[in-house]
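Here is the structure we will look at, set down as structure tokens.
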């Protein structure tokens with residue numbers, strides 16, 4: 001067994017440092033009137049922090065888990081049960097075809113940018129088209145991270161790089177109440193992915209890369225590709241136990257078999273590499289691309305004014321139609337997959353390099 005390496009994490013905050021950090025959440029004269037009440041809440045938060053009380057409310061894992069007596073977070077258990085129910089609905093032949101449309105732009109008119117994004121407009125075009133064709137749609141607008149109160153996609157903590165079984169499906173790293181790492185959006189997002197028969201990613205290019213709101217979601221979906229659905233098998237985050245389990249791990253692909261499309265746009269550079277990285281990621285997870293017309297990258301207003309970019313999009317009717325063709329292609333692929341006419345040609349092959 002390999003050695004678990006230690007020595008990077010800093011020491012916990014002392015009492016005065018904790019008070020300073022806690023108080024930053026309540027800045028301004030209005031909070032002075034409730035200073036005593038906040039002090040009482042701070043004392044409770046301090047004790048939770050000192051005791052590393054990640055999951056203050058738990059439930060026994062019960063039958064079907066490696067250790068039925070293990071205390072699971074009630075929040076994780078609820079999320080896991082929802083994913084199992086969503087998976088059952090998704091596989092039910094009686095359900096209507098469902099496509100998830102993801103807006104990967106960070107811009108909306110509810111915060112500093114003051115204007116909707118072009119990406120949002122493309123999402124809405126496809127939502128209208130698919131609805132008219134009788135397809136159920138879910139819209140995931142990741143720009144809400146910039147405009148909603150206390151909404152978060154907390155960053156991936158990299159458990160998978162210690163050992164794959166330490167990365168739980170769904171992610172068990174959050175919420176961590178002792179560290180105030182709460183209001184994480186991902187459990188809702190996992191359910192949307194699991195419920196879908198097809199997924200379309202829409203994104204601009206920021207500095208040759210996907211926007212940070214999209215990358216946060218992508219990183220947190222690592223548990224969908226090889227993640228461990230039973231935290232009791234590692235007794236939470238016991239690295240040694242996870243390393244031992246990885247020797248015979250089968251890397252389950254929890255989202256495999258869904259169809260996908262990608263729409264990437266930009267104004268100067270980087271659209272091709274962004275589109276390739278997104279499609280490579282989705283291929284790795286076992287999703288099925290809906291054909292060449294479903295993988296689109298285009299410039300809108302190449303080297304032109306940002307201020308006029310919406311008007312430029314208005315005029316580019318060819319691009320608008322190409323985007324709609326992405327939706328049409330994914331819709332057709334979903335129908336073909338569900339009827340058994342479209343199968344992954346490598347589905348029965350054994351991977352000599354599982355990871």
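FYI, it's all coordinate maths here, none of it is from the lab. Keep in mind that what you see is a predicted model, and the values were worked out from it rather than measured. Positions of Cβ are generated from backbone atoms using ideal geometry, with glycine treated the same way; all protein chains shown enter the neighbour counts.
A few points about this structure:
- Protection-proxy order for peptides 341-350, 92-101, each taking the mean of Cβ atoms within 10 Å per residue, highest first: 92-101, 341-350
- Principal-axis tilt of helix 118-132 within the chain, Cα atoms, nearest 10 degrees: 70
- Three-way shape label, region 1-118, alpha-carbon gyration tensor, a/c 1.5: oblate
- Region 222-355 shape via C-alpha gyration tensor axes, a/c threshold 1.5: prolate
- When both bridge partners sit in region 84-338, DSSP labels roughly 10% of those beta bridges antiparallel.
- Angle between the chain longest axis and helix 317-338 axis [Cα atoms, degrees, rounded to 10]: 70
- GNM top mover of 129, 255, 38 - the chain, alpha-carbon springs below 10 Å: 38
- The chain shape via C-alpha gyration tensor axes, a/c threshold 1.5: oblate
- Highest average packing first - 294-307, 102-115, 256-269, Cβ atoms within 10 Å: 256-269, 102-115, 294-307
- Across 177, 168, 254, mean-square fluctuation computed from a Gaussian network of the chain (C-alpha pairs under 10 Å connected) peaks at 177.
- Calculated mean residue ellipticity at 222 nm for the chain: -11500 deg cm²/dmol, from DSSP H runs with n ≥ 4 weighted as -39500 (n - 2.57), summed, divided by the residue count and rounded to 500.
- Nearest 10 degrees, 0 to 90: helix 271-284 Cα axis against the chain principal axis: 70
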